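Chemist: Here it is: the structure, laid out below.
The values are calculated or read from the model by the stated rules, or taken from the named source; none is laboratory data. Worth saying up front: this structure is predicted, and the values here are computed from it rather than measured. In this analysis, Cβ positions are derived from the backbone assuming ideal geometry, glycine residues included, and neighbour counts consider all displayed protein chains. Each accessible area value is taken on the protein alone, full model and side chains, heavy atoms only, with ligands, DNA and RNA left out. Shrake-Rupley method; radii C 1.70, N 1.55, O 1.52, S 1.80 Å.
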Amino acid sequence: MKTLEQLTFDNSYARLPEIFHSSHQPRGLKDQHLIHFNNDVANLLELDANESSRDDFVDIATGTKPLPGYEPIAMCYAGHQFGHLVHRLGDGRAIQLGEVLTDEGKRWDLQLKGAGQTLYSRGADGRAVLRSSVREYLCSAAMHGLGIGTSHALCLIGSNEVVYREKTEPGAMIMRVWPSNIRFGSFEYYYYQQRFDDLKLLADYTLENHFPDLQEAGNPYLELLKTVIKSTAELMVEWQAVGFAHGVMNTDNMSIHGITIDYGPFGFLDAYDPGFICNHSDHSGRYAFNMQPQIALFNLSCLAQAMLPLFDETPETSAELASAELKGFQAEFERLFLKKMCAKLGLQVHHEQDQQLVNTLLNAMADQKADYTLTLRALSHYKPGNSNEIIQYFSDPQGILAWLELYDLRLAKESLSDKDRHTNMLALNPKYILRNYIAENAIRKAEDEHDYAEIDRLMRVLATPFDEHPEHSDLTEKPPAWASGISISCSS
Ligand code: AMP
Ligand code: MG
């Protein structure tokens, strides 16, 4: 394990031409201090976790005491926001410190969120508030614990910096750690400016640094699109299966790595509500929970459009090649989602009626507003004939009882014992998710009392959300009445 000084920096993105980024010194925060440090993320970097206790750790982490390897830049990108093209967005409040190469050969981009204004701030302050930083910090760890691809966060830094939103709030920073900051919107930026040479440069850079195996393919650019379509479909399966709503699926918030990025007004389902809208600024429900796979396809179409000049000499052939790839998305998503849901129900063999079985269960949950996570967790202990643990989540149990009869018949066609099925299911149906009220409790303690014990507890439990943690079972409770008043918007 290494000291901070021993980290090897190789800032490949900073070496791209100037149009790709702009240089900025991160601006520290008043009375900045370490709130939390994630040892698991330090491990990814091969960084000794004890480095977090150094007197100068916070200064180094916030870039106010730079390491020799830092080359701080903000990156430029465009994006479709709520369906509308914005020609230039970019990192308005995020600054990449540099890229770490590990001995294992992995490349990790270190990016500070909330480090002050950049060329892309568009008049905003370049800051992030404590509230949203805590949410992103916790959720990156929660998603990783759930086995879902995500950006990571090495540390959470608090301060007495005053930041103006609807009210004044304390400023904060997190240090993101991810393979790269390349978004669908990165490709759109060069495409809509008709800078096709730069578009090619970005694609070649992406292939060389992040998808080297694809370079040998006949048409590596098309192969790249295919890979992103596949990983995005897989990510949507994970989101839908765990009940995660992102909230702002603009193309600038979509990673070409098929991982979850840019945590803003996200939310996990409590009651199963397919039309759940977690973002209070999303009045039309464009990013409602059940819209996510379709929106992913829209976003992939935007990416494909931006990549067209790369595929072939003629626009017609390029468009045909891209369309053929996009066409497969919906069917692939549905196939993988069914497979995932069957596994969550402990079904190993495939049966014709499984799709209907899954739909009927989801309809029964939606009808009775049953808690999604708790119902599936209870099913992971279910023995045919014993419905007590499950029906407690249904005010009128008629629908679920009818479904359980079907489930009993279906289980009879499986060969696993109840015990083995339970083991499989408990590893796929989490007990703990980052419910809004749980994050809110941690935020209030941090904001009002500078008490970070709840953040620490959540970080420990959410890292292993499939384990029982009986001493923390209060975190499985359904949302209290006050939680319905929590309003999560884009303002952060
Ligand atoms: P988001 O909705 O958080 O993905 O942000 C959309 C765009 O607005 C990105 O280009 C952000 O960098 C930028 N942005 C959001 N909040 C701020 C802020 N406080 N200061 C500067 N830029 C911001
Ligand atoms: Mg964003």
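Chemist: Looking only at helices (runs of 4 or more DSSP H) that fall completely inside the range 175-253, which ones have 3 or more residues that are over 30 Å from S492 (Cα atoms), open to solvent by 40 Å² or more (accessible area, probe 1.4 Å) and free of Cβ contacts under 8 Å to residues at least 12 places away in the same chain?
Modeler: Result: 196-210.
Chemist: If I filter the range 113-152 down to residues being over 12 Å from the mean Cα position of the chain (by Cα) and of a type in the set (A, V, I, L, M, F, W, C), which single residue comes out as nearest to V242 (Cα to Cα)?
Modeler: V134
Chemist: With the requirement that a residue be touching a residue at least 24 places away in the same chain (Cβ under 8 Å), farther than 13 Å from V100 by Cβ and not in a loop (DSSP other than H, G, I, E, B), what does the range 15-42 give you?
Modeler: Hits for the range 15-42 are I19, F20, H21, S22, S23, H33, L34, I35, H36, F37, D40.
Table: residues versus (1) charged (D, E, K, R); (2) touching a residue at least 24 places away in the same chain (Cβ under 8 Å); (3) open to solvent by 50 Å² or more (accessible area, probe 1.4 Å).
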{"site": "L401", "(1), (2), (3)": "no, no, yes"}
{"site": "K413", "(1), (2), (3)": "yes, yes, yes"}
{"site": "T423", "(1), (2), (3)": "no, no, yes"}
{"site": "L428", "(1), (2), (3)": "no, yes, yes"}
{"site": "L434", "(1), (2), (3)": "no, yes, no"}
{"site": "A439", "(1), (2), (3)": "no, yes, no"}
{"site": "I443", "(1), (2), (3)": "no, yes, no"}
{"site": "H450", "(1), (2), (3)": "no, yes, yes"}
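Chemist: Moving on. Kindly indicate whether A241 is under 16 Å from the mean Cα position of the chain (by Cα) and more than 16 Å from ligand 1 (Cβ to nearest atom).
Modeler: yes
Chemist: Moving on to the next point. Among the residues of the range 286-307, how many are open to solvent by 10 Å² or more (accessible area, probe 1.4 Å) and either on the phi > 0 side of the Ramachandran plot or in a loop (DSSP other than H, G, I, E, B) (or both)?
Modeler: Summing the residues that are open to solvent by 10 Å² or more (accessible area, probe 1.4 Å) and either on the phi > 0 side of the Ramachandran plot or in a loop (DSSP other than H, G, I, E, B) (or both) in the range 286-307 gives 1.
Chemist: Considering only the range 469-492, how many residues are more than 23 Å from S133 (Cβ to Cβ), in a loop (DSSP other than H, G, I, E, B) and out of contact with any Asp or Glu (no Cβ under 6 Å at 6 or more places or on another chain)?
Modeler: The qualifying residues number 3.
Chemist: For residues in the range 133-184 being out of contact with any helix residue (DSSP H, G or I) (no Cβ under 9 Å at 6 or more places or on another chain) and among the polar types (S, T, N, Q), which is nearest to D456 (Cα to Cα)?
Modeler: For the range 133-184, the residue satisfying everything is S133.
Chemist: Next question, about the same structure. For the range 222-259, how many residues meet the condition of being within 12 Å of ligand 2 (Cβ to nearest atom) and among the hydroxyl-bearing types (S, T, Y)?
Modeler: 2
Chemist: With T102, T118, T64 as the choices, which residue is free of Cβ contacts under 8 Å to residues at least 40 places away in the same chain and either surrounded by 23 or more Cβ atoms within 10 Å (Cβ to Cβ) or out of contact with any Cys (no Cβ under 7 Å at 6 or more places or on another chain) (or both)?
Modeler: From the options T102, T118, T64, the qualifying one is T64.
Chemist: Another question about this same structure. What is the one condition in (1) more than 18 Å from the chain's Cα centre (by Cα); (2) buried (at least 18 other Cβ atoms within 10 Å of the Cβ); (3) under 12 Å from H24 (Cα atoms) that A94 does not satisfy?
Modeler: (1)
Chemist: The conditions are (1) at pLDDT below 95; (2) under 18 Å from the mean Cα position of the chain (by Cα); (3) closer than 21 Å to L374 by Cβ, and S489 fails exactly one of them. Which is it?
Modeler: Failing condition for S489: (3).
Chemist: Within the range 245-261, count every residue that is in contact with a Cys (Cβ under 7 Å, 6 or more places away or on another chain) and either within 19 Å of M307 (Cα to Cα) or within 11 Å of ligand 1 (Cβ to nearest atom) (or both).
Modeler: Qualifying residue count, the range 245-261: 3.
Chemist: A follow-up question, please. Could you check how many residues of the range 260-270 are in contact with a strand residue (DSSP E or B) (Cβ under 8 Å, 6 or more places away or on another chain) and near ligand 2 (Cβ under 10 Å from one of its atoms)?
Modeler: Residues in the range 260-270 being in contact with a strand residue (DSSP E or B) (Cβ under 8 Å, 6 or more places away or on another chain) and near ligand 2 (Cβ under 10 Å from one of its atoms): 1 in total.
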